[in-house]
1. Give the long-range amide H neighbours of W436: residues separated by 5 or more places, or on another chain, with amide H under 5 Å away, using H modelled in the peptide plane at 1.01 Å from N.
2. How many angstrom lie between the C-alpha centres of region 143-162 and region 97-140?
3. On C-alpha positions alone, give me the angle between the axis of helix 307-320 and the longest principal axis of the chain, in degrees, nearest 10.
4. With just the Cα atoms defining each centre, how far is region 204-241 from region 432-469? Give it in Å.
5. Using the number of other C-beta atoms within 10 angstrom as an exposure proxy, rank E367, E107 with the fewest first.
6. Amide H of V207 versus every other amide H placed in the peptide plane: which residues, excluding those fewer than 5 positions away on the same chain, fall under 5 Å?
7. Which trypsin sites (Lys or Arg not before Pro) does region 413-491 hold that lie in a coil by DSSP with at most 13 other beta carbons within 10 Å?
8. How high is the relative contact order of the chain? Use alpha-carbon pairs under 8 Å, at least six apart in sequence, and give a whole percent.
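Derivation of every value follows stated rules applied to the coordinates shown; laboratory data play no part. None of these values were measured; they are calculated from a predicted model. Here the Cβ positions follow ideal geometry from the backbone for every residue, glycine too, while neighbour counts run over all protein chains shown.
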Amino acid sequence: MEKELISKLHSFERKVLPVLQELKELKAIAQKTGLQEIEVMRAFQWLQNKDILKIKKDIKEIVNLDINGQSYIKKGLPERRFLNAFKTKETLKAEEIKKLSDLSTEELNASIGILKRKNAIDIKPGLIISLTSKGKDLINKETEEEKLLKKLPLNLEKFSKEEKLILEGLKRRKGLINITLEKTFTVELTELGKTLSKEKILKETFVNNLTPEMLRTGSWVGAKFRHYDVEINVPLIYPGKLHPLTQAINYIKKIWLELGFKEMTGPLVDTSFWNFDALFTPQDHPAREMQDTLFIKDPKNGKLPNQKILNQVKLQHEKGWKYKWNPETAKRLVLRTHTTPLSARTLSNLKQLPAKYFSIGRVFRNETLDWSHLAEFTQTEGIVIDENANFKHLIGYLKEFFLKMGYKKVRFSPGFFPYTEPSLEVFVFDETKNKWLELGGAGILRPEVVKSLLGKEIPVLAWGLGIERIVKDYYKINDIRELYLADLKHIRESKIWMK
């Protein structure tokens, strides 16, 4: 068993393994084996994958002198040279200090600021500077900053709390210090590793690869070849794939197409006429107010359809809801609140019966965001126009769709929508929340809608379903907002949609 494992080792591993009894650090092992550090590191990783050793990584933050810091160690910090200028005089002008201490303008100004904060100097009009009693003490006394700089380079962990506060001030000074990360790798053999490292077979030569040259010369005859290890763990490779939600949408399209539906498309920004009025929603309905609908500011209004459809919709509103219908209100542009305007547009242009249509598109609501609500989400819409269609057919289509989406528990309850009668709400059982979750609404379009758009009364089955809520269970997420995370790791690791 052990010899079989050794025969699978790469030449890097066989060189490294025998020296691990005495050496533990990466650099020392590289010197001993003659391998490059990157080659030793690869050997470490391969041996760890085989449970032969364990890698320990130690990261230290090392505080070093930067360019200015190295210079100041030799000739003194600017504030030290500033103070030294007062050894001959008690009062000096700023320009005199600059000449005596060989400071640049930037260093002079910085020194004045530092010493002023330490209450070491007194400044009078005309930039005449004198030392305070504290400043006079500092002339012959080493500052805390100077003491700290002399200790560098030093591991940040070894700094005291007081030294760390001083370090923060030094970090703000240009080119004085820098902090680098120092990574140290050490290894520890497992029991298996300790046993293998003593094996003499490690010294035998194994050929890693069969080359054309070996075939040509025949040198492969009698050579010992390294065995391929097909059981070892390999790095995960993430294939290119579509976004999880896009995968689900493509699958939903496939369902409707297989059920004989044609796709309908339309604008995201539409007039209130198609979004509300054509669907027999009265102009004073609460759903049309700002708290539910996102209106467009500029341009404010859009174009209305031909006069024939306009008159038919107006007639149904005034006859059914008993109010004066206003075409100006119908012109208001909105971000569509549902995909049903596509159904209304399709009905107004329909030439042949029976017919089945579906859509998948974005809709927008002025919603408060939570685990099951979004302000912008995706909806799938469907309509079936057939003289023989009835309510049982509607339930049948919905059950078939949800069965294909992986939901076995589906139930319906009575609902209300201005443009369908009878109406129902669709619920599926959410296993993660252990509760029934509403996924959309459905019903048979009211005669007032169908007559206005189609010109005659025919049964039209209709539904609108929220896709994000439908697919969240498949991806095992508790919050539909996770579908829109800008997280590449999350997208890479999400499972591929397969039903």
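1. So W436 has HN proximity to D430.
2. Here the two parts' Cα centres lie 24 Å apart.
3. 80
4. Centre-to-centre (Cα) distance: 62 Å.
5. E367, E107
6. K224, F225, R226
7. Here the sparse-neighbourhood loop sites are K433, K456, K476.
8. The normalised contact order for the chain reaches 13 percent.
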